[in-house]
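In what follows, a structure is listed as structure tokens, so that the remarks can point back to it.
The values are calculated or read from the model by the stated rules, or taken from the named source; none is laboratory data. The model shown is predicted, which means the values in this text are computed figures rather than measured ones. Cβ placement follows ideal geometry from the backbone for every residue including glycine, while neighbour counts extend to all protein chains displayed.
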Amino acid sequence: MRPMSWWLVAILGLMAGWSTPARADDPNKSADGKGKVVTLDSLKSQVPADWKEEKPGNQMRAYQFRIPKVKGDAADAELVIFYFGPGAGGSTADNIRRWKGMFLTPEGKKIDDVATVTKMKVGDVDVTYLDVKGTYKFKARPFDPNAKEERRPDYRMLGVVFESKKGPYFFRLVGPDKTVTQHKKEFDKFLKGFK
């Protein structure tokens with residue numbers, strides 16, 4: 001009995017290590033094998049297939065994705081889409097100001113030297129888009145005054161206020177500059193794809 005149990009455990013252990021191809025019912029893939037379809041109000045867009053959906057870290061996060069790092073970067077990037085309820089979450093200007101405040105600039109530069117703010121339309125939705133680079137002042141719990149701050153140099157954030165009818169939604173893609181730069185075109189396509 002004991003030898004058979006040992007073999008069963010060994011076989012199950014080997015099977016657990018096998019990788020299996022993505023299935024149509026994989027929650028990280030759509031039926032066509034592409035990335036997750038994100039729904040905001042009645043608008044939908046699809047993330048790239050290599051963006052891994054994660055369980056949101058708290059109730060304010062509607063969606064959370066891990067975006068693969070490029071060679072040479074120490075960390076992946078993260079995209080979080082926040083939702084606080086209709087009309088909640090602060091004004092667009094307040095959020096842009098707060099997001100800029102999460103960065104330290106290189107010596108001799110002001111925040112507006114390393115940040116650009118663009119206004120655009122995605123369908124009928126007003127969108128404000130921040131692109132900022134510098135040393136990111138990471139806090140695991142941003143609103144906790146006692147949370148320890150960790151400074152991460154050469155980081156970049158793409159922040160979006162998406163003012164849909166039941167919004168706004170707040171997008172924040174943050175990570176090492178090279179990784180965010182590599183994925184920016186995909187992010188812009190995802191953002192502009194909502195319809």
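Couple of notes before you dig in:
- Qualifying positions in segment 65-87 - farther than 9 Å from residue 175 by Cα and in a loop (DSSP other than H, G, I, E, B): 68, 70, 71, 72, 73, 74, 84, 85, 86, 87
- Test: residue 170 is part of a strand (DSSP E or B), hydrophobic (A, V, I, L, M, F, W, C), at pLDDT 95 or above and within 22 Å of residue 60 (Cβ to Cβ): yes
- When segment 121-149 is limited to residues that are at pLDDT 95 or above and among the acidic types (Asp, Glu), the one that is nearest to the chain's Cα centre (by Cα) turns out to be 131.
- Selection of segment 76-108 for residues being basic (Lys, Arg) and either touching a strand residue (DSSP E or B) at 6+ places or on another chain (Cβ under 8 Å) or under 19 Å from residue 62 (Cα atoms) (or both) yields only 100.
- Residue 69 modelled with pLDDT of 95 or more, loosely packed, with under 10 Cβ neighbours inside 10 Å, farther than 27 Å from residue 166 by Cβ and out of contact with any Leu (no Cβ under 8 Å at 6 or more places or on another chain): no
- Residue match in segment 124-132 (condition: surrounded by fewer than 17 Cβ atoms within 10 Å (Cβ to Cβ), at positive phi and out of contact with any Gly (no Cβ under 8 Å at 6 or more places or on another chain)): no
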